[in-house]
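Report on the structure given below.
The values are calculated or read from the model by the stated rules, or taken from the named source; none is laboratory data. Predicted model only: the values in this text are computed from it and were never measured. Here Cβ is always computed from backbone atoms with ideal geometry, including for glycine, and neighbour counts include all displayed protein chains.
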There are 2 protein chains.
Amino acid sequence: MREELERLVELDREKKIVAHIGALLGWDQETGMPEKAVDERSEQLAMIQGLAHAKAVRPEIGELLSKLGSTSESPLGDPELAADERAFLRVLRRAYDRDTKLSADLVEEMARTTSLVQPAWVKARKEDDFASFAPHLEKILGLERRVATCLGPGKPPYDVLLDLYEPGSTEASIAQVFSRLRGDLVKILGKIKSRAQVDDSFLHEAIGEGRQRAVSDWLMDVLAFDRSRGRLDISAHPFTTTLGSDDVRITTRYLENFIPSSMFSTMHETGHALYELGLAPGASFAGTELAEAASMAIHESQSRMWENMVGRGEAFWKGHFHKLVDLVSPTWDGLGREDFLRAVNKVEPSQIRTDADEVTYGLHIILRFELEADLISGRLAVKDLPKAWNAKTRELLGIEVRDDAHGCLQDVHWSAALFGYFPSYSLGNLYAAQFWEAMRKDLPDIDARIEAGDTASLLAWLRDRIHKAGGSYLPGELVERVTGHALDPSHFVSYLDRKYARVYGY
Amino acid sequence: MREELERLVELDREKKIVAHIGALLGWDQETGMPEKAVDERSEQLAMIQGLAHAKAVRPEIGELLSKLGSTSESPLGDPELAADERAFLRVLRRAYDRDTKLSADLVEEMARTTSLVQPAWVKARKEDDFASFAPHLEKILGLERRVATCLGPGKPPYDVLLDLYEPGSTEASIAQVFSRLRGDLVKILGKIKSRAQVDDSFLHEAIGEGRQRAVSDWLMDVLAFDRSRGRLDISAHPFTTTLGSDDVRITTRYLENFIPSSMFSTMHETGHALYELGLAPGASFAGTELAEAASMAIHESQSRMWENMVGRGEAFWKGHFHKLVDLVSPTWDGLGREDFLRAVNKVEPSQIRTDADEVTYGLHIILRFELEADLISGRLAVKDLPKAWNAKTRELLGIEVRDDAHGCLQDVHWSAALFGYFPSYSLGNLYAAQFWEAMRKDLPDIDARIEAGDTASLLAWLRDRIHKAGGSYLPGELVERVTGHALDPSHFVSYLDRKYARVYGY
C-alpha cells in the first residue's frame, strides 16, 4: 500500500477510536447512567465531539486525498490504485467534505438550536401545541437549508440532505420508487380491510420481565449474536450502538402487557448488530470509514429482514414456537402457532408510525417524505403543516388524526434536524425484500433450514453478499451487485401480498 | 477571583472531564464489556490517557502558577490570595510537577513495562515460579528508582514514592507509627489466640445472588447512598470509581458460599463513594483537583469506617440484624445476633492479605512496607525476597507460608509499579479510628442513633469535618484539624482491644 494511503488509514482509525469512545458515553447515558449525571455527561460528550471534529478536519487528510487524486468531483482517486483502496478514498473524501464544508459557526449554531428545540418539541407534543413549536421548526428549516447550501451549493437542498443518509439518492429517485409503492400498499390495505380482523388479545396478557428477558436472550442465541462481541441492555427506546468492531451493543424494552415489543425489538436490533459485526472490507481497512455501513437504508434492510421476514415468518415459528411457549409458560399454554402468527402480523391503520405494521408503515413514511420535501423547498409553509398532515393521513391511511400530538408532532426527527432521514426506513424494507428474493434463489431450501434452527446459512449469505463489503459500494451499486438490478419496490409488494393473503385469507 | 485563577480552574476542569471519560472506559471494562473488545478498549484508553496527559502538562498551567506565585518549593502562592485559592494552587502545583517532571520516554517505558510484567506476574503466581518473575521485578524497581529521581532529585527514593500516595509522609514518619502499631497488634493477637476460636461455619451456607443483591441494595439504602448519583454493579474485584461529581459507582461480588464478601465489600465501597460524593470545597472549585480526596489513606479511612466501625459493630446490628435475617431467609432463620457479630469479627492469621481480619491486616501491611522500603533502597536483593517474606510472616503472624504464590507473589501492586501504596491501607485504619473517637465526642449518643437507623448523623459529621474540604489540607493537617492532634495509632489499638475483648471474652 502506498505510504499516503497508510497514513490516511492511520488518521482515519484515530477518528474512529474517538467515535467509539463517544458511543460508550451515549450508550451509558441511555442504559444506566445515574440521573443527576446528565449535565456532566453532556460536557464529556461535547469534549469528545470536539475532539472527533478536530480529528476529522485535519488538513493532512485533505492533502493526502489530493495527493492520491481523490477530489470532490472524482472521489475514487488515482485509477491505478486497487479497487478497495479507491473505495476507501471515496468514503473518506465524502466524510472529509461533509466535515470540512460546514463552518464551525454553523455547526455550533445547529448544536445550540437543536438542544433548545428538543425540549420545546417535548413540551409542544405533551401539550398538543403546534403553534408554540412552529417558530422552532422554522428555525431548524432555515438551518437545514443553510447546511444544504454549504454542502452542495447550487443543488436542490432536499437532494443534498437525502444524500447524507442514502448516498446517491435524490428527491426524484425516491419519489419514483415511492409513487409505485404507494398505490400498491393502498391496494393491499384495501384487501385486508375487506376481511375480518385477527384477534391479538392474548398478546396483551401480562408476562414478567424475567420471562421476557429469557425470550430475548434465546432469540439472540437463535440468531447467532456472538455475546463475546456484544451485549443486551434495557433502554427507553431500543437501539444498536457500535463501540468497536468487536463491541456492538443492543437494547430492548420490556412492556409487561405486550411481549411482542421486546421480542421484535430484540430481533430488529440483532439484525443491525449482525451487520455491524460483519463489516469486513479487508484487514487493511479494519477500523476505518470503509468498515461502516453502506447507508442507513441498507442498515435498516438488515434489521427488518431479521425482524419481519425471519421473525414474523411462518418458517421460523414452525421450528421455534414450542420453545417460545415453554419460555412464557404458563401464559400461552395451549395457544396455537397459527393464531400467534396471525396476531403478530395484524394490520391496522393507526396514527403513530412507530406502532405501525408492515403494510401501513410505508404509508407513514411516504407521508413524511412528501411533507418534508415540501417544507424544505418552501412549497409548504410551516403554519400549514398540521392541515397538510391530517389531509394526507386521511388520504393514505383512511383515518382521522386525533390531534397534532398524535399527528405532525409525533416524531423526534424534525426537531433534531434530521430532514432527509425518514425515507431510509422505507427504503430499508424495499432493499430487504429484494435481497430476500435474491437469497432464496441461492438458498432454495431456506425455509426448511430456518425451521430447523439453521439461521447461520442466511447469515453467511448476508455476510458474503452485503456485510463484508462495508461501505465499498454506494447503496445503488450494492443492490445491483447483489440482486442484478436496481431497487424495485415490486419485490416488497409481492412479499407483502403473499404474506397477507395467507394471514387474512383474501 | 483573579483572572489567572479563573483560567487555571477552567484548564483544570477540562483535565478532569477527560479523566472522567477514562473512568467510564475503565468501569465498563470491569463490569460488562464483551470479552473480545479488550484490544480496542486498550486503544481507547491509550487515546484518553494521551489526551489527559496533554491537558495536564500545558505550559499555560505552569505560567499561570508562576504568575500567582506558586512554586515547587512554595506551592501555596501569593499570600494575599484567599485560603481556598492557595489550597487550590498547592494541589495544582503538586499535580503539575508530578505530570511534567517525568519525561515522556520514562512514562512510555513504564507503561510498556508494566503491561508486559502484568501477565508475567499472573503466570508466575499461577505456577508458583518466583524465579521467572524476579527479572521483571528488578526492571520495575529500576524504573521506580528513576521515577523517584525525576520527581525528587536528591531525596530518598522511597520517600518520594510514598509522597505520591500519602502527601507529606516519609519512610521515617510511617516507620515510627508502624513500630508502635506492630507491638500492640501482636499483643492483641496473642490475647485472641489464648481464647477459643469463634464458629463462623454458618457464614458459608449458600445464599443465592438474588438475596445477596437485595442485602447489598438494602445496605446502600441504610448508609444513604444516593442512587440518583451512583450505582452498584458486579466485578471480579470490588472497586469505586468516579465518573463525575454526580456519578460515583461502586461494585461488589457475590460468592454463593460466603455472603460477608458482598455485604462488607458493598459497605466498604459505599464508604469510598460517600467521600467522593461529599467532596465540596466551594462552588468556585467544583470539578477541579481541589475537589479530590486528601489522600489514599484518608479515602481508606472512610471505607474502613463504614465497613468495620459501623458495619462490623454492635450498634448497627442491634438495630438491623432482624432485617438481614429476613432478607436471607430461610438460610439463617433462628440465628442469634451475638453469634453473627462474633462470626463476622473472627480473627485468624492467614497467608493472604485480602482475606485478613482487622487485627492481622495491619501486620500484613507492615511486612510489605518494610520489605518494599528495603527493595527500593537496595538493602534487600530481589532474589532474597521470598526468604525475607517467609521469615517476616513467621515473625509477625506466626504462620508458615505455603509457597510463593501464597507469599511474595500474592499481590498485584509491585508488578503494577505501585511501590509506596501499601502503607495507605493501614494508615486508613488508623485515621478511621482517630476520626471515630473524635466523632464520638461530638455525638456521644452515636450508638443509639446508628441502632435506630440514623446513619445520617455520622455522615453529616464526616461531610462537615472531612469530606467537604476535599484536598484543601494535607492528610497530616487534616487529622490535626479534625482530632486536635497528629496521627497516633493508640486510637486504633484501643478500638481493637475493646472490640476483641468482647468478641473473644478476654
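Residues in the range A:1-57 that are without any contact (Cβ under 8 Å) to a residue 24 or more places away in the chain, more than 25 Å from B:Thr242 (Cβ to Cβ) and acidic (Asp, Glu): A:Glu3, A:Glu6, A:Glu10.
For every residue, the table says whether it meets (1) closer than 26 Å to A:Leu25 by Cα; (2) modelled with pLDDT of 95 or more; (3) assigned by TED's automatic domain parsing to the domain that holds B:Phe239.
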position: B:Glu14; (1), (2), (3): yes, yes, no
position: B:Ile17; (1), (2), (3): yes, yes, no
position: B:Leu24; (1), (2), (3): yes, yes, no
position: B:Gly32; (1), (2), (3): yes, no, no
position: B:Leu68; (1), (2), (3): no, yes, no
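For the range A:371-402, a tally of residues being closer than 24 Å to A:Arg145 by Cβ, touching a residue at least 12 places away in the same chain (Cβ under 8 Å) and out of contact with any Gly (no Cβ under 7 Å at 6 or more places or on another chain) returns 12.
Would the range B:185-197 turn up any residue that is in contact with an Asp or Glu (Cβ under 6 Å, 6 or more places away or on another chain), more than 14 Å from every other protein chain (Cβ to nearest Cβ) and either closer than 30 Å to A:Asp39 by Cβ or of a type outside the set (Val, Ile, Thr) (or both)? No, the range B:185-197 has no match at all. Taking B:Thr242 and the conditions (1) more than 14 Å from chain A (Cβ to nearest Cβ); (2) under 21 Å from the mean Cα position of the chain (by Cα), which numbered condition does it fall short on, given that it satisfies the others? All conditions pass for B:Thr242, except number (1).
Within the option set B:Ser424, B:Ser457, being closer than 30 Å to B:Pro157 by Cβ and hydroxyl-bearing (Ser, Thr, Tyr) holds for one residue only, B:Ser424.
When B:Ala83 is tested against (1) of a type in the set (A, V, I, L, M); (2) surrounded by fewer than 16 Cβ atoms within 10 Å (Cβ to Cβ); (3) within 24 Å of the chain's Cα centre (by Cα), exactly one condition is not met: (3).
When you go through B:Val9, B:Val38 one by one, which is the residue that is of a type in the set (Val, Ile, Thr) and at pLDDT below 95? I'd like the intermediate steps shown before the answer.
Working: B:Val9 fails: at pLDDT below 95.
Answer to the selection: B:Val38.
Residues in the range B:458-493 that are without any contact (Cβ under 8 Å) to a residue 24 or more places away in the chain, surrounded by fewer than 16 Cβ atoms within 10 Å (Cβ to Cβ) and not acidic (Asp, Glu): B:Ala460, B:Arg481, B:His485, B:Ala486.
Of the residues making up the range B:254-286, those that are in contact with a Ser or Thr (Cβ under 6 Å, 6 or more places away or on another chain) and modelled with pLDDT of 95 or more number 11. Looking only at the range B:226-240, decide whether some residue is basic (Lys, Arg), touching a residue at least 12 places away in the same chain (Cβ under 8 Å) and within 20 Å of B:Phe340 (Cα to Cα). No.
Cβ separations smaller than 6 Å between residues 6+ apart or across chains give the following pairs from the range A:278-293 residues that are over 15 Å from A:Arg7 (Cα atoms) to residues that are assigned to a loop (DSSP other than H, G, I, E, B) and of a type in the set (Ser, Thr, Tyr): A:Pro281/A:Ser472.
Scanning the range B:27-49 for residues that are within 8 Å of another protein chain (Cβ to nearest Cβ), under 25 Å from the mean Cα position of the chain (by Cα) and surrounded by fewer than 19 Cβ atoms within 10 Å (Cβ to Cβ) turns up just one, B:Gly32.
Within the range A:331-341, the set of residues being part of a helix (DSSP H, G or I) and among the hydrophobic types (A, V, I, L, M, F, W, C) comprises A:Phe340, A:Leu341. Check the range B:307-317 and report whether any residue there is in contact with a Ser or Thr (Cβ under 9 Å, 6 or more places away or on another chain) and among the acidic types (Asp, Glu). Yes, there is a match, as at least one residue in the range B:307-317 is in contact with a Ser or Thr (Cβ under 9 Å, 6 or more places away or on another chain) and among the acidic types (Asp, Glu).
Taking the range A:130-196 as the region of interest, the helices (runs of 4 or more DSSP H) fully inside it that hold 1 or more residues being surrounded by fewer than 14 Cβ atoms within 10 Å (Cβ to Cβ) are A:130-151, A:171-193. Between B:Ala111, B:Ala52, the distinction of being in a helix (DSSP H, G or I), on the phi < 0 side of the Ramachandran plot, within 24 Å of the chain's Cα centre (by Cα) and within 14 Å of chain A (Cβ to nearest Cβ) belongs to B:Ala52 only. The residues on offer are A:Glu348, A:Glu400, and the sole one that is of a type outside the set (Val, Ile, Thr), in a loop (DSSP other than H, G, I, E, B) and closer than 30 Å to A:Gly319 by Cα is A:Glu348. Checking each residue in the range B:403-428 for being under 24 Å from B:Arg145 (Cβ atoms), over 24 Å from the mean Cα position of the chain (by Cα) and in a loop (DSSP other than H, G, I, E, B) picks out no residue at all.
Do we have B:Leu64 as outside any loop (DSSP other than H, G, I, E, B), away from chain A (no Cβ under 14 Å) and farther than 25 Å from A:Ala46 by Cα here? Give the steps one after another, and end with the answer.
Details: outside any loop (DSSP other than H, G, I, E, B): yes; away from chain A (no Cβ under 14 Å): yes; farther than 25 Å from A:Ala46 by Cα: yes.
Answer is yes for this residue.
How many of the residues in the range A:245-278 are of a type in the set (A, V, I, L, M) and within 14 Å of another protein chain (Cβ to nearest Cβ)?
Filtering the range A:245-278 for residues of a type in the set (A, V, I, L, M) gives A:248, A:250, A:255, A:259, A:263, A:267, A:273-274, A:277.
Going one step further and asking which of them are within 14 Å of another protein chain (Cβ to nearest Cβ), we end up with A:248, A:250, A:273, A:277.
So the answer is 4.
State the number of residues belonging to the range A:460-492 that are in contact with a Phe, Trp or Tyr (Cβ under 8 Å, 6 or more places away or on another chain) and of a type in the set (A, V, I, L, M, F, W, C). Qualifying residue count, the range A:460-492: 5.
When you scan the range B:433-506 for helices (runs of 4 or more DSSP H) that lie fully inside it, which ones turn up with 3 or more residues that are closer than 30 Å to B:Ala343 by Cβ and modelled with pLDDT of 95 or more? Before the answer, list the steps.
On the way: elements: B:446-451, B:456-462, B:475-483, B:490-504.
In the range B:433-506, the matching helices (runs of 4 or more DSSP H) lie at B:446-451, B:456-462, B:490-504.
For the subset of the range B:410-428 comprising residues that are within 16 Å of B:His364 (Cβ to Cβ) and polar (S, T, N, Q), which member is surrounded by the fewest Cβ atoms within 10 Å (Cβ to Cβ)? Among them, the one singled out is B:Gln410.
Does B:Ala95 qualify as being under 30 Å from B:Pro281 (Cβ atoms), of a type in the set (Gly, Ala, Ser) and either in a helix (DSSP H, G or I) or at pLDDT below 95 (or both)? Taking the combined requirement at face value, the residue satisfies it.
Would you point out the residue of the range A:392-409, among those that are of a type in the set (A, V, I, L, M) and either surrounded by 20 or more Cβ atoms within 10 Å (Cβ to Cβ) or touching a Leu at 6+ places or on another chain (Cβ under 8 Å) (or both), that is farthest from A:Arg304 (Cα to Cα)? Reasoning before the result, please.
Just the residues of the range A:392-409 that are of a type in the set (A, V, I, L, M), to begin with: A:396-397, A:399, A:401, A:405, A:409.
Still in the list and also either surrounded by 20 or more Cβ atoms within 10 Å (Cβ to Cβ) or touching a Leu at 6+ places or on another chain (Cβ under 8 Å) (or both): A:396-397, A:409.
On the way: A:Leu396: 22, A:Leu397: 22, A:Leu409: 25 Å.
Among those that are of a type in the set (A, V, I, L, M) and either surrounded by 20 or more Cβ atoms within 10 Å (Cβ to Cβ) or touching a Leu at 6+ places or on another chain (Cβ under 8 Å) (or both), it is A:Leu409.
The residues of the range B:135-182 that are farther than 20 Å from B:Leu478 by Cα and among the polar types (S, T, N, Q), listed by number, are B:Thr149, B:Ser179.
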